[in-house]
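One structure is given here, and the rest of the page talks about it.
The values are calculated or read from the model by the stated rules, or taken from the named source; none is laboratory data. Everything numeric in this text was worked out from a predicted model, so none of it was measured. Cβ coordinates were reconstructed from backbone atoms using ideal geometry, including for glycine residues, and neighbour counts include every protein chain displayed. When the accessible area is computed, the model is the full protein with side chains, heavy atoms only, and any ligands, DNA or RNA have been set aside. Shrake-Rupley method; radii C 1.70, N 1.55, O 1.52, S 1.80 Å.
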Amino acid sequence: SGFLVTFSLLTRIQKLKYQPFKNIHRWLPMFYLHRLIRIYPTYAFMLFFQWQLIPLFGNGPFWYLTKLNETNCEKYWWTNLLFINNLYPWKEGVAAQCFSHTWYLANDFQFFLISPIFIVLFLLRKRTGVFVCGVVFIGSLVWTFIVVWQQDSSVFLTDTVNINIYNQTFYTMPYMRFPSYLIGIFSAMIWYEKRQILTIYKIPVKYVLLMHFIALALLGLSCYGGLTAYQQYFCHIDPSDINCGSNAAGWSKLERVLYTSWSKSAWTIGIAIISLLSANEQLILPIHSFLSYKIWTPLARLSFASYLVHPSVLCVILMTHTTKFHFSVFETSVYFVGGLCFTFGCSIILY
């Protein structure tokens with residue numbers, strides 16, 4: 001998101017030959033208005049649909065769980081329309097929010113509001129823009145580490161007490177998500193500058209291989225670095241476990257806090273490296289050709305609608321069950337494929 005916003009605005013300002021600060025009144029209002037026009041009607045409709053209409057779609061022993069969202073929306077629907085639902089109600093977590101999965105949309109819109117600061121600084125003086133972006137990125141990482149350390153939170157489900165703190169206090173907070181957005185902004189600056197000055201430049205092979213290694217290492221560490229934490233028992237499986245409730249994952253506080261506060265940024269850096277190599281046609285992995293297939297174009301256009309509608313689809317599919325779930329690969333696959341097809345089918349109507 002940070003990459004798309006930054007690169008599209010840089011390209012637009014260059015194309016229209018605006019002075020980024022002198023002509024700010026000519027492009028900034030439309031910059032914000034275009035975003036609101038693009039997302040607000042669909043967002044408001046789905047908010048109303050999930051709040052008022054979904055409760056009429058089903059019944060059963062699990063259907064009472066839909067009442068939670070209905071109750072939250074009666075109190076806090078206005079926070080969604082103001083894009084502050086990730087901040088208010090303060091530190092009560094996703095469970096207290098209306099249309100709860102849109103906490104990220106609030107984060108994204110807040111980052112979108114301040115993104116012109118970095119873009120204008122970059123256009124006025126490139127080194128200044130990059131420097132400010134870097135300082136804010138490091139500051140966000142440090143601040144996140146300090147707050148997570150003080151609260152002793154954890155992303156691991158086995159750390160039942162610690163993850164409750166994380167879910168209620170940090171999960172939706174902007175400072176937890178802003179570093180990843182800044183990586184997108186910085187990547188866009190690099191790609192914009194490369195296209196302006198070094199149009200046909202290719203990175204030497206040895207550095208390409210090094211970048212592949214770094215990207216795969218960061219992605220692997222982010223995905224599998226916490227694997228040992230899930231080799232412990234969950235509290236509801238073995239309640240007599242003396243470690244049950246706090247630090248059941250068995251990690252030290254420093255290890256837990258480092259992973260909790262920085263793993264998302266590590267993942268984003270890995271994705272940024274792969275994306276830049278792919279755009280420069282130097283990616284060894286077959287990702288570029290796979291993602292370039294035209295079949296993805298209509299699905300990409302439906303991605304925002306599917307993001308909004310998929311909880312409603314899953315709610316109807318799962319909450320209308322009259323029996324408990326018993327996991328099997330086949331049954332889970334059937335639900336996945338069915339939910340996916342139904343989600344995109346509804347997204348076409350919503351689009």
Lysines with Cα under 28 Å of Lys194, excluding same-chain neighbours fewer than 8 positions away: Lys15, Lys17, Lys22, Lys126, Lys202, Lys206, Lys264, Lys294
Could you rank the peptides 284-296, 112-124, 214-226 by their average count of other C-beta atoms within 10 Å per residue, with the highest value first? 112-124, 214-226, 284-296
Quick check: convex hull over the Cα atoms of the chain, volume per residue in Å³, rounded to an integer? 173 Å³
Any chance you could run the full-extension gain for Lys206 through Glu74? It's 0.36 nm times the residue separation minus the Cα-Cα distance, nm to one decimal. 41.7 nm
Using the alpha-carbon atoms, what tilt in degrees (0 to 90, nearest 10) does helix 66-81 show relative to the longest principal axis of the chain? 30 degrees
Relative contact order as a percentage, the chain, C-alpha pairs under 8 Å and 6+ apart, gives 23 percent
Going 7 Å from the Cα of Thr42 in the Cα-to-Cβ direction, what parts of region 308-340 have a backbone nitrogen less than 11 Å from that spot? 308-309
Please go through region 183-227 and write out the trypsin sites (Lys or Arg not before Pro) that DSSP classes as loop and that have at most 15 other C-beta atoms within 10 Å. Lys202
Along Cα→Cβ, 7 Å out, is where each label goes; now give me the distance between the ones at Arg301 and Leu65 in nm to one decimal. 3.5 nm
Contour minus Cα-Cα span, Asn167 to Leu285, at 0.36 nm per residue, comes to 38.9 nm
Filtered trypsin sites (Lys or Arg not before Pro), region 47-104: DSSP coil and at most 14 other beta carbons within 10 Å: Lys91
Ordering Tyr171, Tyr351 by the accessible surface of their heavy atoms, 1.4 Å probe, largest first, yields Tyr351, Tyr171
In Å and whole numbers, how far do the C-alpha atoms of region 47-141 stretch along each principal axis, longest first? 60, 23, 19
